[in-house]
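Heads up, the thing below is written out as structure tokens.
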């Protein structure tokens, strides 16, 4: 059945609001057909508006314009039709006509936000940005129009005026309360800027500011902001409100699944996902299957988790593989667990080969401390924090400098503050693209990067793969198995985690800290150690305190046998996953399936940490999870005097507890098989004297010198590892000098710099051309000008004409420069620049075409250089601020192509200046020029996008 | 939070009222959202008293107090509900204290105290208002009564009592009292901060330091404690140590303007604008009193220098146009009033300081602006420019002095003061955040000028020591 047939006969019966809903649902074809049918019967303006908008929605602008014109002949000056035609005309490039329509629409409907939005769009398309901004502001001021908020936000973002938009709205807010639409816009702008707290705050207010209900699109954006800001309850409430209006909207439902997951309502999320799955298109379906796999995994249901993952992997869905590795840790079982993980890790390595490692930087000689970067999403009260902070604090600050790179910034707790204090710098990478995040790391000239995240939630292993340090170490934080990532040089372990006979299971070199590989920071406030509960209860209480994700069927089978063998005994499950009633019911069924009597079990969800430690105290023996064993949990049990019985295998994750227990002198509690695990638990249950002894001694053992809580021991071990790895790194990668934030040209007296600044001010104020359209950054021009005065080049070649041309030309006399050759491909623009430079005979403009070329193995587009330019050379200084980036290849290596002609246009010692040096392509170019010894003495100035200055070798 | 939200969504079917939403935002600590949600209601007079109280609390937390006390007063006068009236008065008093309007706060608190003398919250604000207006003995009586009557007094009352005893001169008693009570608040560092302050007043800097560094790490590793440690070190004249503590505080709160300014070290050639603005905005109400108590003498020195050197005064003509950069509360206007025959314009970064200057009625024009930005845009030429005690917020003076040159008419006079740092070539930033300048550096910047005088003077006292300065009079040739 065709679309038209589908609506045939129905359209006439449709109400106006039905038609509007079709538009809202972006059901363009159906809306178009329905509107045409209704218009054929009794023409109404509303239907004409729907028709034109449906055509616009389908991208059929010519038809939309024609239809709008036809119906404007009937409904003369209908503002909605005028607005719609303006949009069509804008898209067709008829800017003057579009502006005419939009202005007229506003004239007839000055109270209508949509008309003002239409005008703003037409103005913006015509390049009248200031007027466009005013029109957007008028639309926003008129109330609660969602499209006004979205489009205004888009306008500011697209024109790189994000701060300006926020500033304007802040100024309005200083005089009156903001309207709902204004608040939504503030929220969207903050969201775009990656400032989630501010975004959430604006939406929080914006959802309640207007009299009308916030539309679905705004509720969805708000929910996203709330979730990013960690306010999941609020996100859920916003989604419920949206879903009340659009109950079957897949995007909203997907968002809801993610929020439920964040709230540990895993079973609800599973149920909802399974209902949603068949309705989704393939890409979304695979993403949801990954989520489903993760949800099952969190419930300890690894077989289900694996089946989803393998389906995704088989379909070639890239993201599945890393998650597979995590799940296999829980599922891999038996003698070949380590080997299976190694196979998967090798697969990851193969797939990651396309990721290029970045060129590195060298630092000034004077900075001798070894610079250690830490990369984590969990700097705070989290296992990563508890198990590492002590060792970092123990590092000698005169020899090692620590810089934290945080990929997920949420925490403000005592451990989080210790990380901030131990670090000389704390850099938040959240919200930065991989390029920019890598730049933040590279520019700091890291000697060693320690990865503390692994494939955990929100982890960014791509940053590790690009190897932004001379050496990369893996430590804690999902340290469960070999990673297979080429960039990781070594994995920090101890003699029990990875004994020499298991090293073959790792692609990384294994380095070891004497004793335990971790350093446990004991909390400040802990409950007193109590007597074993059996003394009061008369029966043994076992406990499971690990993450439910670590639950496995073999474990359940073993637990059933232990309960059978120890009459009267009880088993307490205390784990965050069981806080959800549905999850508990589901888990109870699973227990029954293993023949475990529910009346012998007790359940508890998450509690505050102090209470959690008290709960640990309420059991006699902790039964450790396997195959993925406990980390912090095993230590917390020891802190409360509770012994843990554990079973180990060959993979890293299967040996955490073995390492912890053996380092506590409790290797008698570690089992190599299921049978042994059961036997050791049963034997310990029958030995109350030994339980009492553990209670008395374990806490002290944890804290004794050389023990797990001895930070000096771990710090010294870590320091030795860092020293060794520094000796062994063999840097094959291109090295470019680092830009330090303080880098600046000091030679010129400050009064001269002031003079240049005043010159730029004056030129900008007087030449309207450069007020909006100047590409080079002010600081870049300033540094260029200073170089000009210092270096006094007789001949200057500049790629990319603009304000810089004008500034340089004014400084020629001072610098003794005879000729400036300015090359650009945009002829009209260059003519305008030339007019501004009128009277400056020293400047020679060349407008050239561009063509694709190859240099140093990269492809880019570069100016076709006329012979005459070569004849004017060789140049003493080359200022490269063009060509612009673009073309189909990203990143585009256009400017790198200049390297190809350096030898023909310049001479040894010529000063080369490259603007936008921090962009990925330019970084690569610098690395290549440097590694080929084309240039020397390179340094990069800390402008917004970086300015590299070097000499031709 | 989750309970709040559930209650709100369940009762209202997901579309909860403005007040419920504001309460939720308040529970999340999002003061900005509370203000945004309730502002239209408050401004249109549609807010009820409950909403107004929520609004006032958010305004206090966010430090946006303009007009809030007045609305609270109006509601308190209009309501007939005695309990509500007391609550409104308490809020009003708190808001007024937040804005340093202490006398008014005392009246509001007194009004509440007359209605509900035994209410601990009333007594608390009453006691703090008494402290602010300099009646510590009376405050101590009020705090003592609440503390004795209550099984679990609030830590704010305990802090108030310590302050009251210390301000009344019973500092040893304050320490004894505080130490006796602080065990009741094991997770609070506020009492220790207060006790350290008393110890500093007693000159016992080591004891104050010891008290703070021996706090458990989770309390010690906080911005507040590090700043107190920095202030303790400043008091003991251990400037390097002070810098270290401020640097630690900066790591925990990189956005705080003062800490950011200190942490920038000598890299920043001038003080952080936000820091200077914030400092003087918060300082405005007690600025003059505080400066005078420090023996501040710059305005008088300026007057004397102008009278001695300015050609227009030497010839008896009077000053025809004066630009006062960093005019603050207008002290220069006061001293020069008699000799100015024409325009007097004041420029300052702090709107609050300008408010105080405006009240003096001496300036023909006042403008809130950063002075270099102002000079950049200035098209008029002035006969006289004065910069009194403002260049201590600039390290590199090159640009500002060049801009002053450009803004003066030929023959125009420039009078300014700097803090004099001996033994340095250019300038250096002190642990207090202000800059000191070397004499040679200042002289070097005045090469294009005709210098009439560079006098070595004492500007004021700091931590019991005189602050040396240079007072310069120069003419644009």
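Data for the structure
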| quantity | calculated |
| --- | --- |
| Filter result (touching a helix residue (DSSP H, G or I) at 6+ places or on another chain (Cβ under 6 Å) and assigned to a helix (DSSP H, G or I)) within the range B:268-305 | B:274, B:275, B:276, B:278, B:280, B:281, B:284, B:299, B:303 |
| Filter result for the condition that a residue is in contact with a helix residue (DSSP H, G or I) (Cβ under 6 Å, 6 or more places away or on another chain) and without any contact (Cβ under 8 Å) to a residue 60 or more places away in the chain, over A:510, A:488 | A:510 |
| Failed criterion for residue A:143 (all others in (1) under 17 Å from residue A:117 (Cβ atoms); (2) assigned to a helix (DSSP H, G or I) hold) | (2) |
| Output for the range B:24-43, where each listed residue is facing chain A (nearest Cβ under 8 Å), out of contact with any helix residue (DSSP H, G or I) (no Cβ under 6 Å at 6 or more places or on another chain) and not in a helix (DSSP H, G or I) | B:28 |
| Verdict on residue B:181 being away from every other protein chain (no Cβ under 14 Å) and assigned to a loop (DSSP other than H, G, I, E, B) | no |
| Criterion violated by residue A:245 - all others in (1) within 12 Å of chain B (Cβ to nearest Cβ); (2) at pLDDT below 95; (3) crowded, with 19+ Cβ neighbours inside 10 Å satisfied | (3) |
| Meets criteria (loosely packed, with under 15 Cβ neighbours inside 10 Å, out of contact with any strand residue (DSSP E or B) (no Cβ under 7 Å at 6 or more places or on another chain), over 23 Å from residue A:172 (Cα atoms) and more than 14 Å from chain A (Cβ to nearest Cβ)) for residue B:77 | yes |
| Selected residue (only one of B:260, B:200, B:220, B:243 is closer than 24 Å to residue A:404 by Cα, away from chain A (no Cβ under 14 Å) and touching a helix residue (DSSP H, G or I) at 6+ places or on another chain (Cβ under 8 Å)) | B:243 |
| Residue list for the range A:374-407, restricted to those being farther than 21 Å from residue A:525 by Cα, in a loop (DSSP other than H, G, I, E, B) and over 17 Å from the mean Cα position of the chain (by Cα) | A:395, A:396, A:397, A:398, A:399 |
| Subset of the range B:425-439 (residues that are buried (at least 16 other Cβ atoms within 10 Å of the Cβ) and free of Cβ contacts under 8 Å to residues at least 24 places away in the same chain) | B:438 |
| Pairs where the first residue, in the range B:12-23, is closer than 15 Å to residue A:236 by Cα and the second is part of a loop (DSSP other than H, G, I, E, B) and modelled with pLDDT under 85, C-beta under 8 Å, 6+ apart | B:15/A:213 |
| Qualifying residues in the range B:339-383 (those that are within 14 Å of chain A (Cβ to nearest Cβ) and free of Cβ contacts under 8 Å to residues at least 12 places away in the same chain) - the one surrounded by the most Cβ atoms within 10 Å (Cβ to Cβ) | B:373 |
| Single condition residue A:239 does not satisfy, out of (1) part of a helix (DSSP H, G or I); (2) within 12 Å of chain B (Cβ to nearest Cβ); (3) surrounded by fewer than 24 Cβ atoms within 10 Å (Cβ to Cβ) | (3) |
| Positions within the range B:310-327 being within 27 Å of the chain's Cα centre (by Cα) and in contact (Cβ under 8 Å) with a residue 60 or more places away in the chain, in sequence order | B:323, B:324, B:325, B:326 |
| Test: residue in the range A:494-514 that is within 14 Å of another protein chain (Cβ to nearest Cβ), surrounded by fewer than 21 Cβ atoms within 10 Å (Cβ to Cβ) and assigned to a strand (DSSP E or B) | no |
| Residues located in the range A:184-228, provided they are farther than 22 Å from residue A:147 by Cβ, surrounded by fewer than 24 Cβ atoms within 10 Å (Cβ to Cβ) and either in contact with a strand residue (DSSP E or B) (Cβ under 7 Å, 6 or more places away or on another chain) or within 9 Å of another protein chain (Cβ to nearest Cβ) (or both) | A:197, A:198 |
| Criterion (surrounded by 20 or more Cβ atoms within 10 Å (Cβ to Cβ) and not in a strand (DSSP E or B)) met by exactly one of B:442, B:467 | B:442 |
| Given (1) outside any helix (DSSP H, G or I); (2) within 14 Å of chain A (Cβ to nearest Cβ); (3) within 20 Å of residue B:129 (Cβ to Cβ), index of the condition residue B:64 fails | (3) |
| Condition check for residue A:452: more than 14 Å from every other protein chain (Cβ to nearest Cβ) and touching a strand residue (DSSP E or B) at 6+ places or on another chain (Cβ under 6 Å) | yes |
| Some residue of the range A:151-174 being touching a helix residue (DSSP H, G or I) at 6+ places or on another chain (Cβ under 7 Å), closer than 22 Å to residue B:41 by Cα, part of a loop (DSSP other than H, G, I, E, B) and more than 14 Å from chain B (Cβ to nearest Cβ) | no |
| Pairs with Cβ under 7 Å, 6+ apart, first in the range A:659-678 and assigned to a loop (DSSP other than H, G, I, E, B), second surrounded by fewer than 21 Cβ atoms within 10 Å (Cβ to Cβ) | A:664/A:701; A:665/A:701 |
| Top-ranked residue of the range A:809-828 - restricted to ones that are touching a strand residue (DSSP E or B) at 6+ places or on another chain (Cβ under 6 Å) and in a helix (DSSP H, G or I), ranked as surrounded by the fewest Cβ atoms within 10 Å (Cβ to Cβ) | A:827 |
| Any chance residue A:264 is assigned to a helix (DSSP H, G or I) and either modelled with pLDDT under 95 or within 14 Å of chain B (Cβ to nearest Cβ) (or both) | no |
| Residue check for residue B:278: closer than 18 Å to residue B:392 by Cβ and within 13 Å of another protein chain (Cβ to nearest Cβ) | no |
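Yes or no, residue by residue, for (1) surrounded by fewer than 20 Cβ atoms within 10 Å (Cβ to Cβ); (2) in contact (Cβ under 8 Å) with a residue 24 or more places away in the chain; (3) touching a strand residue (DSSP E or B) at 6+ places or on another chain (Cβ under 8 Å):
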site	(1), (2), (3)
B:245	no, no, no
B:250	no, no, no
B:260	yes, no, no
B:273	yes, yes, no
B:278	yes, no, no
B:297	yes, yes, yes
B:308	yes, yes, yes
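The values are calculated or read from the model by the stated rules, or taken from the named source; none is laboratory data. What you see is a predicted model, and the numbers here were worked out from it, not measured in a lab. Cβ coordinates were reconstructed from backbone atoms using ideal geometry, including for glycine residues, and neighbour counts include every protein chain displayed.
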